[in-house]
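Let me begin by presenting the structure, written as structure tokens, before commenting on it.
The values are calculated or read from the model by the stated rules, or taken from the named source; none is laboratory data. Since this is a predicted model, take the numbers as computed values, not measurements. FYI the Cβ positions are ideal-geometry reconstructions off the backbone, even for glycines, and counts take in every protein chain you see.
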Amino acid sequence: MECSARIRELVCAGLATLVVGSIGAQATTADAATVTADLRGSETAELSEAGQRYVARLSLPAGKTAVIAEGDLEARSIGSYSVRVYTSDGARAGDDTTFYRSGIILERNGAIEDARLADIDGKSGDEIVVIVRSAGSGGYLSAHALSYANNQIEVRASVTDLPADTDPIAALQQTAQKDKLKGKGKYHDPNGGAR
């Protein structure tokens, strides 16, 4: 069977998702095989095992959507992840990732375990929290709390090397509170110091 026909078959059977971009196309399926096929000239499709890359979507206030994704073609145990914010203002219904507004790429030491909204500072508005579990025997946790305001994403608090059974949200809240008491401003921002 021709590779592109196999990709179409998997997509139609609901076993694959095909995303076509200006550079290429990528399909992820439950098949363990990796296949590369020529679809339209310079575009290629790649099939890889499902569950090998974390991608999540969170609904934010005011018609915004956050997409959190581990880096393309990276190892699950170490690499990077991105947080991108989109707006659906002016887009067709259901197109919540049409208009890109802001993004950030961060290093990770482990695999993303969860992404959610949580109030870190006790004030109005939730932060985007990304929780990463290390691949080592200790299963240590780390987490970043990110805010989105004025079309910018900023790291507001971070914690690393937490024991495996620690609540990372509570740890982020404690870090934010300690930073306020130390006069570091609203939060500790590891990317730019106190705010």
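Residue by residue, here is whether (1) of a type in the set (Gly, Ala, Ser); (2) buried (at least 16 other Cβ atoms within 10 Å of the Cβ); (3) more than 13 Å from LEU60 (Cα to Cα) holds:
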position: LEU106; (1), (2), (3): no, yes, yes
position: ALA111; (1), (2), (3): yes, yes, yes
position: ILE128; (1), (2), (3): no, yes, no
position: SER134; (1), (2), (3): yes, yes, yes
position: GLY139; (1), (2), (3): yes, no, yes
position: VAL155; (1), (2), (3): no, yes, yes
position: SER158; (1), (2), (3): yes, yes, yes
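A quick yes/no check of all residues on (1) under 29 Å from ASP165 (Cα atoms); (2) touching a Cys at 6+ places or on another chain (Cβ under 7 Å); (3) modelled with pLDDT of 90 or more:
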| site | (1), (2), (3) |
| --- | --- |
| ALA62 | no, no, no |
| VAL67 | yes, no, yes |
| ARG76 | yes, no, no |
| SER102 | no, no, yes |
| ILE112 | yes, no, yes |
| LYS123 | yes, no, no |
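Show the residue pairs meeting these rules: Cβ distance below 7 Å; 6+ apart or different chains; first residue within the range 93-114 and assigned by TED's automatic domain parsing to the domain that holds GLY71; second residue at pLDDT below 90 and surrounded by 15 or more Cβ atoms within 10 Å (Cβ to Cβ).
Filtered contacts from the range 93-114: ASP95/SER88; ASP96/SER88; THR98/SER88; ALA111/ARG76.
Could you tell me whether the range 165-174 includes any residue that is assigned to a strand (DSSP E or B) and either of a type outside the set (Asp, Glu) or in the same structural domain as LEU60 (by TED's automatic domain parsing) (or both)?
no
If I filter the range 53-68 for residues that are part of a loop (DSSP other than H, G, I, E, B) and surrounded by 17 or more Cβ atoms within 10 Å (Cβ to Cβ), do I get at least one hit?
Yes; the residues of the range 53-68 include at least one that is part of a loop (DSSP other than H, G, I, E, B) and surrounded by 17 or more Cβ atoms within 10 Å (Cβ to Cβ).
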